[in-house]
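Computed from the coordinates by the stated procedures, all read-outs in this text should not be read as laboratory data. Computed from a prediction, not measured in an experiment: that's the story for all the values here. Quick reminder, even Gly has a Cβ in these numbers, built from the backbone with ideal geometry, and neighbours come from all protein chains shown.
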Amino acid sequence: MKSAWRGHADHSGDRVFSEGLAPVRVDERWGYIDKAGRIVISPQFDYAESFFGGLARVRLSNSRTGMIDRTGRIVWSTPE
């Protein structure tokens with residue numbers, strides 16, 4: 001779902017663009033924006049890293065780690 005973000009976005013801890021996307025923190029959650037500044041993966045993660053090889057590491061709830069694809073789909077995660 002692509003949308004322009006509204007509200008408070010903190011770019012101070014943002015990562016660089018990689019594969020056309022960059023992690024961005026909105027309030028207390030991390031998501032991804034494209035180069036036009038549109039949110040392409042909604043802020044839903046506790047932490048997010050840059051994409052590499054089509055995947056990015058994220059921190060899910062309960063301190064679990066996961067890997068997402070460029071659509072935001074979780075393709076791997078640590079057990080609960």
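The table that follows gives values for the structure above.
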{"quantity": "Among residues of segment 59-72, those that are farther than 17 Å from Asp34 by Cβ and either in contact (Cβ under 8 Å) with a residue 24 or more places away in the chain or among the basic types (Lys, Arg) (or both), counted", "calculated": "2"}
{"quantity": "Residues of segment 18-65 satisfying the condition of being of a type in the set (Asp, Glu) and farther than 24 Å from Thr78 by Cα", "calculated": "Glu19, Asp27, Asp34"}
